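Chemist: The following block contains the structure, expressed as structure tokens.
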Amino acid sequence: MCLKENIGIWFNPKNGLRNVLKTLLLLPWKWFSGFYYQHAANSFLKSNFEEVWKAEPEILDNTCSHKFRKSDDVNQWVIKFWQMAKGEVSVRSPKSARCYHIKESNFSHLLEDISSGKYKMLCINDTAKTVDFEDKKQKVKEAINKILPEKSSFEI
């Protein structure tokens with residue numbers, strides 16, 4: 001039902017050929033296979049937070065009561081998937097964002113991508129296994145400061 005009502009979103013060329021083909025290949029199954037999502041910034045509607053909270057108050061209240069994340073907690077993806085199922089999303093190319101884990105060997109690629117402005121969004125993650133974190137953090141800050149030397153109005 002979600003697919004039929006929002007066919008223009010699911011088969012939009014902006015999703016990228018890979019995602020459109022994946023959707024096509026999953027059509028024969030009767031169950032809902034889920035969503036592909038990028039590890040990048042997401043747009044949310046306040047009304048969807050209110051709607052989900054009204055539908056699932058116990059789960060969301062329980063999650064909010066924990067100081068630290070627990071295995072049965074939910075996160076913002078509940079709202080994102082809700083919006084996607086309703087077709088309340090803006091389609092954006094998977095090429096608009098990239099996720100980096102700074103523990104990986106491709107750290108130099110991250111610095112190049114910051115400098116080049118190739119992506120509209122970059123998600124930069126560290127992990128417990130990040131080696132030389134402070135050094136890498138400083139290099140990321142320097143790369144960002146080169147392309148954005150002035151503070152934005154939000155930082156002042």
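Chemist: Take the residues in the stretch 81-92 that are in a helix (DSSP H, G or I) and of a type outside the set (A, V, I, L, M, F, W, C); name whichever of them is most open to solvent (accessible area, probe 1.4 Å). Lay out the reasoning, then the answer.
Modeler: Looking only at the stretch 81-92, we keep the residues that are in a helix (DSSP H, G or I), and these are 81-86.
Next, only the ones that are of a type outside the set (A, V, I, L, M, F, W, C) stay: 83, 86.
Working: GLN83: 3, LYS86: 79 Å².
Going through the qualifying residues, I end up with LYS86.
Chemist: Can you tell me how many residues in the stretch 98-134 are modelled with pLDDT of 85 or more, charged (D, E, K, R), more than 17 Å from the chain's Cα centre (by Cα) and surrounded by 16 or more Cβ atoms within 10 Å (Cβ to Cβ)?
Modeler: Counting residues in the stretch 98-134 that are modelled with pLDDT of 85 or more, charged (D, E, K, R), more than 17 Å from the chain's Cα centre (by Cα) and surrounded by 16 or more Cβ atoms within 10 Å (Cβ to Cβ) gives 1.
Chemist: Okay, next question. Of the residues that sit in the stretch 84-97 and are of a type in the set (D, E, K, R) and within 23 Å of ASP113 (Cα to Cα), which one is modelled with the highest pLDDT?
Modeler: As a first pass, look at the stretch 84-97 and keep what is of a type in the set (D, E, K, R): 86, 88, 92, 95.
Pick out the ones that are also within 23 Å of ASP113 (Cα to Cα) and you get 92, 95.
Working: ARG92: 79, LYS95: 82.
Result: LYS95.
Chemist: Something else: Looking only at the stretch 108-156, count every residue that is under 19 Å from LYS95 (Cα atoms) and not polar (S, T, N, Q) and tell me the total.
Modeler: 14
Chemist: Continuing with the same structure: Could you grab me the full set of residues in the stretch 54-80 that are surrounded by 15 or more Cβ atoms within 10 Å (Cβ to Cβ), assigned to a helix (DSSP H, G or I) and of a type outside the set (Lys, Arg)?
Modeler: Across the stretch 54-80, the qualifying residues are ILE59, LEU60, THR63, VAL78, ILE79.
Chemist: Being surrounded by fewer than 16 Cβ atoms within 10 Å (Cβ to Cβ), in contact (Cβ under 8 Å) with a residue 60 or more places away in the chain and part of a helix (DSSP H, G or I) narrows it down to one residue among LYS4, LYS22, LYS95; which is it? Even if it seems obvious, please write down each step before you answer.
Modeler: Details: LYS4 fails: in contact (Cβ under 8 Å) with a residue 60 or more places away in the chain; LYS22 fails: in contact (Cβ under 8 Å) with a residue 60 or more places away in the chain.
After applying the criteria, what remains is LYS95.
Chemist: Residues of the stretch 102-148 being farther than 23 Å from ASN42 by Cα, free of Cβ contacts under 8 Å to residues at least 24 places away in the same chain and part of a loop (DSSP other than H, G, I, E, B), which ones?
Modeler: GLU104, SER105, ASN106, ALA128, ASP132
Chemist: Suppose we filter LYS86, LYS67, LYS95 for residues that are closer than 15 Å to ALA40 by Cα and not β-branched (Val, Ile, Thr); which single one remains? Steps first, answer last, please.
Modeler: On the way: LYS86 fails: closer than 15 Å to ALA40 by Cα; LYS67 fails: closer than 15 Å to ALA40 by Cα.
On inspection, the qualifying residue turns out to be LYS95.
The values are calculated or read from the model by the stated rules, or taken from the named source; none is laboratory data. Quick caveat, the model's predicted, so the values are computed rather than measured. Positions of Cβ are generated from backbone atoms using ideal geometry, with glycine treated the same way; all protein chains shown enter the neighbour counts. What goes into the accessible areas is simple: the full protein's heavy atoms, side chains included, and nothing from ligands, DNA or RNA. Shrake-Rupley method; radii C 1.70, N 1.55, O 1.52, S 1.80 Å.
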